[in-house]
Amino acid sequence: MAKIVIVMGSKKDTDHAKDVKKVAKEFGIPCILRIASSHKTPEKVLSILKEYENQEVVYITIAGRSNALSGIIDGNTTKPVIASPPYSPKFGGADIFSNLRMPSGVAPMVVLGGEQSALAAIKILGLHDKSLLQKISDYQKKYKEKIEQDDREMRGG
């Protein structure tokens with residue numbers, strides 16, 4: 001079964017990962033949380049990739065500051081990788097640039113929010129699972145209906 005594998009740089013990233021996991025659960029997609037640091041435990045990062053190499057997965061990496069995690073994972077797998085760095089006001093948000101500037105041959109996608117990262121992963125998995133496409137459409141419809149409802153309320157009706 002297709003799944004989302006979240007690799008966090010540290011336990012501090014758990015709250016952001018929970019946002020991803022919540023949406024994945026709503027869609028019935030298994031979501032596995034792992035912790036490995038590209039700087040401190042690169043061998044562990046590579047061993048995690050080996051665990052899932054023959055499975056249908058989308059990786060979501062959650063790491064702040066200097067995000068080498070997304071690059072090392074993307075550079076060592078053919079599976080899709082979504083970098084979802086948690087926002088940090090500590091550097092005025094400038095640490096996001098470590099997610100945007102990758103070397104040649106390395107191309108993780110960058111999606112900032114947990115919910116949005118989950119949706120991107122689910123859309124990727126939907127390329128091979130048409131039942132997910134209907135669930136995505138229903139999910140989007142819910143948001144569209146909310147906008148219409150808010151507009152009616154705003155107009156007093």
Hits in region 66-105 (condition: of a type in the set (A, V, I, L, M, F, W, C), out of contact with any strand residue (DSSP E or B) (no Cβ under 7 Å at 6 or more places or on another chain) and within 20 Å of R34 (Cβ to Cβ))
A68, I72
Single residue of region 36-69 satisfying the filter (free of Cβ contacts under 8 Å to residues at least 40 places away in the same chain and of a type in the set (S, T, Y)) that is surrounded by the fewest Cβ atoms within 10 Å (Cβ to Cβ)
S47
Condition test on K123, is it more than 21 Å from S84 (Cβ to Cβ) and not aliphatic (A, V, I, L, M)?
no
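Yes or no, residue by residue, for (1) small (G, A, S); (2) touching a Cys at 6+ places or on another chain (Cβ under 9 Å); (3) within 20 Å of D19 (Cβ to Cβ):
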residue: A68; (1), (2), (3): yes, no, no
residue: M109; (1), (2), (3): no, no, yes
residue: L125; (1), (2), (3): no, no, yes
residue: H128; (1), (2), (3): no, no, no
residue: S131; (1), (2), (3): yes, no, no
residue: R155; (1), (2), (3): no, no, no
How about region 1-70: which strands (runs of 3 or more DSSP E) wholly inside it have at least 1 residues that are among the hydroxyl-bearing types (S, T, Y), under 16 Å from the mean Cα position of the chain (by Cα) and within 23 Å of D95 (Cα to Cα)?
57-62
What number of residues within region 98-157 are among the β-branched types (V, I, T), within 23 Å of I72 (Cα to Cα) and assigned to a helix (DSSP H, G or I)?
2
Starting from region 129-142, keep only residues that are under 10 Å from E26 (Cβ atoms), then list their pairs with residues that are of a type in the set (G, A, S) and not in a helix (DSSP H, G or I) whose Cβ atoms are within a distance under 8 Å, requiring at least 6 positions of separation or different chains.
K135/G28
Single residue of K79, K90 found to be under 17 Å from the mean Cα position of the chain (by Cα) and either outside any strand (DSSP E or B) or in contact (Cβ under 8 Å) with a residue 24 or more places away in the chain (or both):
K79
Conditions (1) in contact with a Phe, Trp or Tyr (Cβ under 9 Å, 6 or more places away or on another chain); (2) under 15 Å from G64 (Cα atoms); number of the one not met by K135:
(2)
Can you find, within region 113-157, the residue that is surrounded by the most Cβ atoms within 10 Å (Cβ to Cβ) among those that are touching a helix residue (DSSP H, G or I) at 6+ places or on another chain (Cβ under 7 Å) and among the hydrophobic types (A, V, I, L, M, F, W, C)?
A118
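A short reminder: the numbers here are calculations on the coordinates, not readings from a lab. On a predicted model such as this, the values are computed, not experimentally measured, just so you know. Don't worry about glycine lacking a Cβ; one is built from the backbone with ideal geometry, like all the others, and counts go over all protein chains shown.
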